[in-house]
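Trainee: Quick one: this structure, given as C-alpha cells, is what I'll be asking you about.
The values are calculated or read from the model by the stated rules, or taken from the named source; none is laboratory data. Note that this is a predicted model, so its numbers are computed, not measured. Cβ sites come from the backbone with ideal geometry, for glycine too, and all protein chains shown count toward neighbours.
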Amino acid sequence: MGQRILLVEDEPEIASYVTRGLIYEGYKVEHAATGAAALAAARERPPALVILDLGLPDLDGFEVARRLRAGPPVAILILTARDAVADRVAGLEGGADDYLTKPFAFEELLARIHVQLRRSTAMQQHELLRVGPVLMDVAAREVRVGAQRVELTTKEFEVLELFLRHARQVLSREQVYERIWGYDFGAESNVLEVYVRALRLKLEAAGAARLIQTIRGVGYVFRDEP
Ligand code: CA
C-alpha cells in the first residue's frame, strides 16, 4: 500500500503535474493549495512526507514547516523557486529535511522522496509500545516493567508484542496462533498456554499485576488494570 504524501503547492500546474506523477508511482497524494489547508490536512490524515512550497498565499512556508514539526514525526521536503543559499539554510534549520529548487525534474523529486521515506520508516521502527506499566522498545527488543528489565525469548516477545498492540481487545487462541505461528495448532495444543504462563511469571516477577487475563473458552485479553 502506498505511503501518504501531502503536496502543499499553490500553483495549479505544478500541483497537477506532481500529483499525477506520484499517483502513477503508487503514492497516495493529498493536495493543499494553502498553508492553512495543509496544516488541517496533516492533522486529520497524518502523511509520511510533506512536499512544501515556500511561497504560499497565506502562511510563510517556513511557518508551515515549524507547525508541522510540532505534530507527529513527518519528513518535510521543501520546494522553492528561491535558490538563495540563505533561504536553503533557513529552510533546513526551520525543520525541513531536504529541499529542491524549481524548476526540477520529476525523477529528482522522486529520488529525494525515496530517501526521505526510507529515513522516516527507519525512525518509526524505533517504535515504543506502552500499556500500563509495560514498555516495549520494538526495534531494540527490550521490555521493561517500570524500571525493571524483563528478559524474554524471541517467541515470548512476539506474543507479548501482539497482546500490547491489541491491548484491551479479546484475542482468540486461533488469532494468536495464526499471527505468531502462522497456523492453528488445534484445540488440543497447550503451546500458547505455556507462553502465556511464562510471560505472566516474568512480568509479575518484575512487579506487574496479572495483566494477561484468560477469557474462558475464547482466548486472552491484555489489560493495563487487573
Ligand atoms: Ca508558490
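Trainee: Inspect the stretch 30-47 for any residue being β-branched (Val, Ile, Thr) and touching a strand residue (DSSP E or B) at 6+ places or on another chain (Cβ under 6 Å) and give the result as yes or no.
Mentor: To start, the set of residues in the stretch 30-47 that are β-branched (Val, Ile, Thr) comprises 34.
Now narrow it down to the ones that are touching a strand residue (DSSP E or B) at 6+ places or on another chain (Cβ under 6 Å): none.
Within the stretch 30-47 (the criterion being β-branched (Val, Ile, Thr) and touching a strand residue (DSSP E or B) at 6+ places or on another chain (Cβ under 6 Å)), the answer is no, since none of the residues qualifies.
Trainee: Still on this structure: Could you say whether any residue in the stretch 61-71 is closer than 23 Å to residue 105 by Cα and within 11 Å of the ligand (Cβ to nearest atom)?
Mentor: Yes; the residues of the stretch 61-71 include at least one that is closer than 23 Å to residue 105 by Cα and within 11 Å of the ligand (Cβ to nearest atom).
Trainee: Could you grab me the full set of residues in the stretch 196-220 that are assigned to a helix (DSSP H, G or I) and surrounded by fewer than 18 Cβ atoms within 10 Å (Cβ to Cβ)?
Mentor: Residues of the stretch 196-220 assigned to a helix (DSSP H, G or I): 196-205.
Within the stretch 196-220, 197, 198, 200, 201, 204, 205 qualify.
Trainee: Something else about it: Just for the stretch 24-38: of the residues that are assigned to a helix (DSSP H, G or I) and either at pLDDT below 95 or not hydrophobic (A, V, I, L, M, F, W, C) (or both), which one is farthest from residue 60 (Cα to Cα)?
Mentor: Taking the stretch 24-38 first, the residues assigned to a helix (DSSP H, G or I) are 24, 35-38.
Within this subset, residues satisfying the condition of being either at pLDDT below 95 or not hydrophobic (A, V, I, L, M, F, W, C) (or both) are 24, 35.
Numbers: 24: 30, 35: 8 Å.
By that ranking, first place goes to 24.
Trainee: Of the numbered conditions (1) within 16 Å of the ligand (Cβ to nearest atom); (2) hydrophobic (A, V, I, L, M, F, W, C); (3) in a helix (DSSP H, G or I), residue 78 satisfies every one except a single condition; which is it?
Mentor: (3)
Trainee: Taking residue 96 as meeting all but one of (1) modelled with pLDDT under 90; (2) more than 16 Å from the ligand (Cβ to nearest atom); (3) surrounded by 18 or more Cβ atoms within 10 Å (Cβ to Cβ); (4) among the small types (Gly, Ala, Ser), write down the number of the exception.
Mentor: Failing condition for residue 96: (2).
Trainee: Out of the stretch 39-55, which residues are within 16 Å of the ligand (Cβ to nearest atom) and at pLDDT below 90? First the steps, then the outcome.
Mentor: Step one: of the stretch 39-55, the residues within 16 Å of the ligand (Cβ to nearest atom) are 50-55.
Matches in the stretch 39-55: 54, 55.
Trainee: Another question, then. Testing residue 21 on (1) touching a residue at least 40 places away in the same chain (Cβ under 8 Å); (2) assigned to a strand (DSSP E or B); (3) more than 16 Å from the ligand (Cβ to nearest atom), one condition comes back false. Which one is that?
Mentor: It is condition (2) that residue 21 fails.
Trainee: Next up: Exactly one condition in (1) closer than 17 Å to residue 4 by Cα; (2) within 16 Å of the ligand (Cβ to nearest atom) is false for residue 35; which is it?
Mentor: Of the numbered conditions (1) closer than 17 Å to residue 4 by Cα; (2) within 16 Å of the ligand (Cβ to nearest atom), the odd one out for residue 35 is (1).
Trainee: Is it the case that residue 58 is over 17 Å from residue 108 (Cα atoms), within 14 Å of the ligand (Cβ to nearest atom) and modelled with pLDDT of 90 or more?
Mentor: So residue 58 fits the description; yes.
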